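Asks: Sharing a structure with you now.
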Amino acid sequence: MKFQQVLETWVPPFKNAFSGLKHIYQTERNFRIHFCISLIVLALLGLFKAPSIEWALIILVIGLVVSAEILNTAIEIMVDIYCPYYHPLAKISKDVGAAAVLFTAFISVLVGLFVFIPHILSWLSTWR
């Protein structure tokens with residue numbers, strides 16, 4: 001397979017995915033909030049010189065929350081396309097998608113507490 005053929009088959013899906021990320025970043029406030037919190041958390045990991053396993057755990061839960069937010073947005077868009085008027089099942093579908101984001105965010109907070117509390121306690125003990 002020639003390099004040009006590889007580009008023609010591999011590049012479009014990546015362009016589409018990045019287009020979707022750009023759209024969700026520009027239109028979804030909650031996605032931007034998750035993104036900013038993620039940057040702060042990653043900066044704190046660097047500040048605390050966290051070990052690799054903690055980086056891996058935090059990156060994993062960030063990925064889960066962001067993925068849930070992306071899927072929730074896709075659910076909301078599809079529901080709006082197929083049901084532009086109010087319908088109780090459409091509401092339930094959107095609520096369940098939002099619940100997935102809430103659940104993953106809650107789990108990420110728990111993981112964050114397990115990772116950061118020892119670092120914070122250690123940092124506080126140096127001030128005594």
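Asks: Measure off 7 Å from each Cα along the Cα-to-Cβ vector at Leu110 and Leu44, then give the distance between these two points in nanometres to one decimal.
Replies: It is 1.8 nm.
Asks: Specify the angular offset, from 0 to 90 degrees and rounded to the nearest 10, of the alpha carbon long axis of helix 88-125 from the longest principal axis of the alpha carbons in the chain.
Replies: Approximately 20 degrees, to the nearest ten.
Asks: Quick one: if you stick a label point 7 Å off each Cα along the C-beta vector at Ile75 and Arg32, how many nm between them?
Replies: 2.4
Asks: Expressed in nm to one decimal, what extension gain is obtained for the pair Asp95 and Trp123 from 0.36 nm per residue of sequence separation less their Cα-Cα distance?
Replies: Computed gain between Asp95 and Trp123 is 6.1 nm.
Asks: Applying a 10 Å radius around every beta-carbon, put 115-121, 95-101, 79-85 in order of their mean neighbour count, most first.
Replies: 95-101, 115-121, 79-85
Asks: How many Lys pairs in the chain lie less than 28 angstrom apart by Cα atoms, where the lysines are 8 or more positions apart or on different chains?
Replies: 4
Asks: Computed from the coordinates I sent, Kirkwood radius over Cα pairs in Å equals one of (i) 15.0; (ii) 17.3; (iii) 14.6. Tell me the label.
Replies: It is the one labelled (ii).
All of the numbers you see were taken from the coordinates with simple rules; none came from a lab. Remember, it's a predicted structure, so these values are computed and weren't measured experimentally. Neighbour counts run over all protein chains shown; Cβ positions are idealised from the backbone, glycine included.
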